[in-house]
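Colleague: Before we start, here is the structure in question, set down as structure tokens.
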């Protein structure tokens, strides 16, 4: 991929883990449209290099403080609805679709604030690990805007309507412990332990049956909008695809021998 200005990408060829670090610490990793584009490019590069898990975190004391659309803006003109729509449709929405469609596990390690689009990126993770200083914030109401990045779809499904409206309409911080209690995230760890814990989980997932894990992601997302019969049919199709993979044969052989499977990701 071309040189990045807003993120760093590290590809661990041995562990098969791609680590994306949001890298604008002086702006609390606020995400301009370019960052969204660079995340898409990084994800494409990770898949090209056959990475089997993706980890996203932030540099410094924040995960991501939200979209950065303020450059050159006249303070008296507000945030510019037409410009915001163009940025969403042209940059942020493609990034969110790419994260949702990943065929490999996604882990997000949330250090400090995850606000606005940063909250949406964080909650896109299959496993969201938060440091104790982390918090999640839908601050749009405080500036007369509406949630974006898929938040109005994700939050009601993740934590229920009442808590989703608490986040969206009151615009208050949800700290890491409350987020865990709500079932919004996977775990809370000490800030100093966050990089180690997140990396260990990413490496564990990267050793798994990658095809099956990707199919789990797809079924879990798509079946939210299917009826029960449709979900059963989708699972049957996914089971066919998983069962035809090399990893399924490896797993079956290891099971019969009472050994631990050494999956290849194929």
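The values are calculated or read from the model by the stated rules, or taken from the named source; none is laboratory data. Quick caveat, the model's predicted, so the values are computed rather than measured. A quick note on method: Cβ atoms are made from the backbone with ideal geometry, for glycine too, and the neighbour counts reach across all protein chains shown.
Colleague: Can you say whether residue 23 is at pLDDT below 95, touching a strand residue (DSSP E or B) at 6+ places or on another chain (Cβ under 8 Å), assigned by TED's automatic domain parsing to the domain that holds residue 114 and surrounded by fewer than 22 Cβ atoms within 10 Å (Cβ to Cβ), as far as the supplied structure shows?
Modeller: Values: at pLDDT below 95: no; touching a strand residue (DSSP E or B) at 6+ places or on another chain (Cβ under 8 Å): yes; assigned by TED's automatic domain parsing to the domain that holds residue 114: yes; surrounded by fewer than 22 Cβ atoms within 10 Å (Cβ to Cβ): yes.
No, not satisfied.
Colleague: State whether one or more residues within the range 243-264 are in contact with a strand residue (DSSP E or B) (Cβ under 6 Å, 6 or more places away or on another chain), in a helix (DSSP H, G or I) and closer than 25 Å to residue 13 by Cα.
Modeller: Within the range 243-264, the first condition is being in contact with a strand residue (DSSP E or B) (Cβ under 6 Å, 6 or more places away or on another chain), and the residues that meet it are none.
No: the range 243-264 contains no residue that is in contact with a strand residue (DSSP E or B) (Cβ under 6 Å, 6 or more places away or on another chain), in a helix (DSSP H, G or I) and closer than 25 Å to residue 13 by Cα.
Colleague: Which numbered condition trips up residue 64, out of (1) at pLDDT below 95; (2) in contact with a strand residue (DSSP E or B) (Cβ under 6 Å, 6 or more places away or on another chain)?
Modeller: Here residue 64 clears every test but (1).
Colleague: While we're here: Over 13 Å from the mean Cα position of the chain (by Cα), farther than 16 Å from residue 221 by Cβ and loosely packed, with under 15 Cβ neighbours inside 10 Å, is that true of residue 111?
Modeller: When the stated conditions are applied, residue 111 does not pass them.
Colleague: Which ones in the range 82-114 are closer than 30 Å to residue 192 by Cβ, in contact with a strand residue (DSSP E or B) (Cβ under 8 Å, 6 or more places away or on another chain) and assigned to a helix (DSSP H, G or I)?
Modeller: Result: 99, single match.
For (1) under 26 Å from the mean Cα position of the chain (by Cα); (2) within 30 Å of residue 160 (Cβ to Cβ), each residue gets a yes or a no:
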{"site": "195", "(1), (2)": "yes, no"}
{"site": "214", "(1), (2)": "yes, yes"}
{"site": "220", "(1), (2)": "yes, yes"}
{"site": "225", "(1), (2)": "yes, yes"}
{"site": "235", "(1), (2)": "yes, yes"}
{"site": "249", "(1), (2)": "no, no"}
{"site": "259", "(1), (2)": "no, no"}
{"site": "262", "(1), (2)": "no, no"}
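Colleague: A further question follows. Examine the range 232-251 for a residue that is over 19 Å from residue 104 (Cα atoms), in contact (Cβ under 8 Å) with a residue 12 or more places away in the chain and either surrounded by 15 or more Cβ atoms within 10 Å (Cβ to Cβ) or in the same structural domain as residue 114 (by TED's automatic domain parsing) (or both), and state whether such a residue exists.
Modeller: No, there is no match, as no residue in the range 232-251 is over 19 Å from residue 104 (Cα atoms), in contact (Cβ under 8 Å) with a residue 12 or more places away in the chain and either surrounded by 15 or more Cβ atoms within 10 Å (Cβ to Cβ) or in the same structural domain as residue 114 (by TED's automatic domain parsing) (or both).
Colleague: Just to check your reading of the model, which residue among 180, 215, 155 is at pLDDT 95 or above, buried (at least 18 other Cβ atoms within 10 Å of the Cβ), assigned by TED's automatic domain parsing to the domain that holds residue 101 and part of a helix (DSSP H, G or I)?
Modeller: Values: 180 fails: buried (at least 18 other Cβ atoms within 10 Å of the Cβ); 215 fails: assigned by TED's automatic domain parsing to the domain that holds residue 101.
When all the criteria are applied, what remains is 155.
Colleague: Just the residues that are surrounded by fewer than 24 Cβ atoms within 10 Å (Cβ to Cβ) and assigned to a loop (DSSP other than H, G, I, E, B), please, taken from the range 115-126.
Modeller: The initial filter retains those residues of the range 115-126 that are surrounded by fewer than 24 Cβ atoms within 10 Å (Cβ to Cβ), namely 123-126.
Within the range 115-126, 124, 125, 126 qualify.
Colleague: Here is a follow-up. Scanning for something under 30 Å from residue 147 (Cα atoms) and either in the same structural domain as residue 13 (by TED's automatic domain parsing) or out of contact with any helix residue (DSSP H, G or I) (no Cβ under 9 Å at 6 or more places or on another chain) (or both), does the range 256-266 turn up at least one residue?
Modeller: Taking the range 256-266 and keeping what is under 30 Å from residue 147 (Cα atoms), we get none.
No, the conditions are met nowhere in the range 256-266.
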